[in-house]
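Computed from the coordinates by the stated procedures, all read-outs in this text should not be read as laboratory data. Bear in mind that the values here come from a model prediction, so they are computed numbers and not experimental data. Because the Cβ atoms are built from the backbone with ideal geometry, glycine has one as well, and the counts that use them run over all protein chains shown.
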Amino acid sequence: MTEKLLQVDDLTCRFDGVTAIADLSFDVSVGEIKAVIGPNGAGKSTLFNVIAGVTRASSGQVRFDGERIDHLPTFRRARRGIARTFQNLQIFREMSVLENVMVGRHTHGAAGLMQAIIHGPALQAEEHAIVAAAMDLLNRFGLAGKADVQAGTLSFGQLKMLELARALASEPRLLLLDEPVAGLPRAEADQMGEIISGLNREGMTVLLVEHNMRMVMSLSHDILVLNNGYRIAEGTADEVRRNREVLAAYLGEAEDA
Amino acid sequence: MVSASPVSGTHVAPSAARESLRMQPRSRFAIWRSSDHVRLVLIWLALLAVPFIAPNAYVVSLANLALINLILIASLNLLMGFGGQISLGQAGFFGLGAYASGVLNVKWGVSAWLGLPAAALIAGVAAFVIGLPTLRLRGHYLSMATLGWNAILVVFFNQFVSLTGGPNGLLGVKPFAFFGIALDTEQRAFPVVWLASLLIMLAILNLLHSRIGRALRAVATNELGADAIGIDSFGIKLMCFTVSAALAGIAGSLYVHVNQYASPDTFGISISILLIVMVALGGSGTYWGPCLGALIYTAVPQLLLNYEDAELMLFGLGMLVVLIVFPGGLAGVPDALRRRFASWRHP
C-alpha cells in the first residue's frame, strides 16, 4: 500500500493575484480512498481541475504513476487512467443511457474512420464487446432497464450513478469524484457510498471532494484538509477530527450546515 | 498493481449477465440499428424505378439533382447536426469539388472517375487546413473562417477565367463514361448518382453507429465530459469537418459531370445559408432529415419557377414555422405527433 499513484509536489495556482492553491504537496497511494475537504473557497475544485488538466497550475508538479502529467491535456490524462465525475454533472443528455456508458469505453476501441464506415467484422466484434461491457456496468448500477432511455430524462440520483458508470467504463486506475453525494437524499447517498467503498475493495484508488462529513469520515482512509489554498491538516478521520486548527477553521461551521 | 476491473462482470453470474444482455436493450439496439439499414436499402431499391416510370428526362434530371443535393445536405448535417459545428461555406466545398473535378477534366483530360476522388481529396485537404487553426478555438471561429473561405472561392471561380471560365461558367466538362459509353443523358447518369448517394448514406449511417460517431455526438453535446473520458475533441471535430467537406466535394464532382457545366452562382454564400436552412428544416442531427431537406430544396424552386423571389421568402417562412412548431425539424414530426397523441389519450 505504499506505491504512490498520484503525487502532487509544491503546487501553486494563482488567478489574477488570488492564490487558490499555495505550495501544496500530497500523495495518493494505490488502493486508498483519500478525501479533500475544506470550507468553500479552500481550493478543492481548483485542485481537482489541476489534476484533471482543466486548469494549469502556476508552478509545481503533478505525477501519475511516477510520470509527470502536468503538461498533458485532459484527454491524455484520461487515457493514462484518470477518470472523473463532475459536481454539476457533464452527461451527454441527448444520447441514450447505454450510449453514455459506451462512450466511456472510447479509449478501449481501436477501429478507425475507414473501419467505421465499412463496418466490417472487426468493428462489429468490437462494438459487441463495448455493448456487453456497458450493459454489465448498467446492471451493476441498476440502470439496465433504462439503457435505451435518453439520458436527460433520468433523475438526479440516476444521473450521478450514470456518470460514475461512464467513468468506470474506461477502466481507470484513479477515480476523481467531485462531490459524489452532494444533493442526493440520504438513502441514495448511502447507496453511492457503498458503491464507492465496493469499488475500493476491488482495488480502485479514489480521490474525492465532498461536503458530506458523514460520508467523508466513514469512507476515507486519509483526509486532506485545505483552507484558503493551504494544507492545514492531513490524516485519518480520527486525527483530523481532533486537530485544533481544523476544528477552528472548518469543522465547527461545516457541522452546522 | 491491483487491477480494478469493474466491467469484468464478476458481480453478476456470467451466464445471467449474458442472458440479460440477450433479452434486454442489446437486441433492441441491434434491431433498431439494422432497421435504418433496411429502410435505406429498400428506399434506394424503389428509387431504381425512377428512370423507368419518369414521364420525361426533366423528371429524371430532378431526381439526379435531388440525390446530389442529398449528399450535400447530409454532409452538412454530419458536421452541424451531429458534430455541433456550423460551416457557412459548405457550398464553397461543393464548388471546389465541382471545379476541381471539372477543371481537371477540361484542361488535362482527367476522367470523371478519377476526378471524383480527387475532388473529395482536395475539398478534404482544404477543410483540414482551415480546421487546423480554427477548431482549436472555442466559439464561432469556424463559421467566420468558412464564410470568408466561401467568399474567396467565389471570387476565384469568377476571376480565374483561364482556368474556371469565369462568370460564363466552366464549359465542356465530359460526363462519366462506362466502358466507352458516355453517360451523357439524365437516364444514363442516374445509376452513378444513385449508387454514390446510397454508398454515402450507408457510410454516414455506419459512421454514426461506431465508436467515432458516438465520440462525435459526445463532443457536440458536452466537450468537458468528452475530454474527461479520453476523447480528443479537437481531433474528432477536425476529422468530422474534413469528412464533411470531402463529401461535399464528391457532390460537386457528381454535379459537374452530370450537368457537364458549372457556374460560380451555384456555389455562393447564399447557397451555403440555404443549405443550413435545409438541414434545419429536415431535422438537424437526425439521420433521415437530409432526405426531406433535399426533397424540399429540389422541388420548391421548380414549383416556383415563375416567382423567384417568393422562393427565398417561402424558405424563410417555412423554416420559422417548422422550427417553432417542430423544433426537431420535419424528421421529428412523427415522434412529436405520437407524443402529442399519447398525452391526449392519457392526460
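Averaging the inverse of every distinct alpha carbon separation and then flipping it gives the Kirkwood radius. What is it for the range A:93-171, in angstrom units?
By the Kirkwood definition, the hydrodynamic radius is 12.8 Å.
Where nothing but the Cβ of Lys and Arg (+1) and of Asp and Glu (-1) is charged, how large is the charge dipole of the protein assembly as shown around its Cα centre, in debye to the nearest 20? Don't skip to the answer; put the middle values down first.
On the way: 45 positive and 45 negative charges, 211 e Å.
Dipole of the protein assembly as shown, to the nearest 20 debye: 1020 debye.
Over all Cα pairs of the protein assembly as shown, how is the pair count split among 20 Å bins, expressed in % and running from 0 up to the last occupied bin?
18, 44, 28, 10, 1
Amide H neighbours of A:Leu208 under 5 Å, at least 5 residues apart or on other chains, H built in the peptide plane: list them.
Long-range HN contacts for A:Leu208: A:Lys34, A:Ala35, A:Val36, A:Leu177.
Just tell me the longest site-free run in chain B, where the sites are trypsin sites (Lys or Arg not before Pro) in a DSSP loop having at most 16 other beta-carbon atoms within 10 Å. Provide the component values of the computation, followed by the final result.
Details: sites that count: B:Arg136, B:Arg138.
No qualifying site falls inside B:139-347, the longest such stretch.
Please work out the Kirkwood hydrodynamic radius for the range B:231-279, using every pair of different C-alpha atoms, and report it in angstroms with one decimal place. Don't jump to the answer; show the numbers that get you there.
On the way: mean 1/r = 0.0794 Å⁻¹.
This gives a value of 12.6 Å.
Using a 7 Å offset from the Cα along the Cα-to-Cβ direction at both B:Val325 and A:Glu202, what is the distance between the two label points in nm, to one decimal?
Placing both labels 7 Å along Cα→Cβ, they lie 5.1 nm apart.
Quick one: Kirkwood hydrodynamic radius for the range B:63-332, alpha-carbon pairs, angstrom, one decimal?
On the way: mean 1/r = 0.0536 Å⁻¹.
In the range B:63-332 this quantity evaluates to 18.7 Å.
Rounded to a whole number, what is D in µm²/s for the range A:104-257 from Stokes-Einstein with the Kirkwood radius over alpha-carbon pairs (4 °C, 1.567 mPa s)?
Values: Rh = 18.0 Å.
Once the numbers are plugged in, D ends up at 72 µm²/s.
Among A:Gly38, A:Met215, B:Val256, whose Cα lies farthest out toward the positive end of the dipole of the protein assembly as shown, if unit charges sit on the beta carbon of Lys, Arg (+1) and Asp, Glu (-1)?
The one lying farthest along the dipole's positive direction is B:Val256.
What fraction of the Cα pairs in the range B:58-206, stated in percent, has a spacing above 17 angstrom? Mind dumping the intermediate values first?
On the way: 7400 of 11026 pairs.
Here the tail beyond 17 Å accounts for 67 percent of pairs.
Which of A:Met114, B:Val125, B:Trp113 sits farthest toward the positive end of the charge dipole of the protein assembly as shown, with +1 on the Cβ of Lys and Arg and -1 on the Cβ of Asp and Glu?
Working it through, the farthest residue towards the positive pole turns out to be B:Trp113.
Would you mind estimating how fast the range B:221-347 diffuses translationally, via Stokes-Einstein at 4 °C and 1.567 mPa s with the Kirkwood radius over Cα pairs, in µm²/s? Don't skip to the end; give the middle numbers.
Working: Rh = 17.4 Å.
Estimated via Stokes-Einstein, D reaches 74 µm²/s.
As an exercise, find the ratio Rg/Rh for chain A from alpha-carbon atoms, using the Kirkwood inverse-distance average for Rh. Present the calculation step by step, with values, prior to reporting the outcome.
Details: Rg = 19.1 Å, Rh = 19.2 Å.
With Rg and the Kirkwood Rh in hand, the quotient comes to 0.99.
Give the residues of the range A:53-89 whose amide nitrogen is closer than 19 Å to a point set 7 Å from the Cα of A:Asp23 in the direction of its Cβ.
Inside the label zone: A:57-62.
Once you put a point 7 Å from the Cα of A:Ala125 and another 7 Å from the Cα of B:Ala151, both along the Cβ direction, what distance in nm separates them?
Rounded to a tenth, the inter-label distance reads 5.3 nm.
Total Lys pairs in the protein assembly as shown closer than 23 Å by alpha-carbon, pairs eight or more apart in sequence or interchain only? Can you show the working numbers first?
Working: A:Lys4/A:Lys34; A:Lys4/A:Lys44; A:Lys34/A:Lys44; A:Lys34/A:Lys160; A:Lys44/A:Lys160; A:Lys146/A:Lys160; B:Lys107/B:Lys174.
Summing the qualifying lysine pairs gives 7.
Hey, in the GNM for chain A with a 10 angstrom Cα cutoff, which one of A:Ala110, A:Ala35, A:Ala22 fluctuates hardest?
In the Gaussian network model the winner is A:Ala110.
Would you give the gap between the C-alpha center of the range A:1-57 and the C-alpha center of the range B:204-223, rounded to a whole Å?
Here the answer is 33 Å between Cα centres.
Compute the Rg/Rh shape ratio of the range A:1-122: radius of gyration over Kirkwood radius, all on alpha-carbon atoms.
Values: Rg = 17.7 Å, Rh = 16.8 Å.
On the Cα set of the range A:1-122, Rg over Rh gives 1.06.
Between B:Ser111 and B:Arg39, what FRET efficiency follows from the Cβ-Cβ distance if R0 is 25 Å, with the result rounded to 0.05? Before the final figure, lay out each step's value.
Values: r = 34 Å, r/R0 = 1.36.
After rounding, the FRET efficiency stands at 0.15.
Counting only other residues whose beta carbon sits under 13 Å from that of A:Ser45, what net charge do I get with K and R as +1, D and E as -1? Let's see the in-between values first.
Values: positive: A:Lys44, A:Arg84; negative: A:Asp178, A:Glu179, A:Glu210.
Residues close to A:Ser45 contribute a combined charge of -1.
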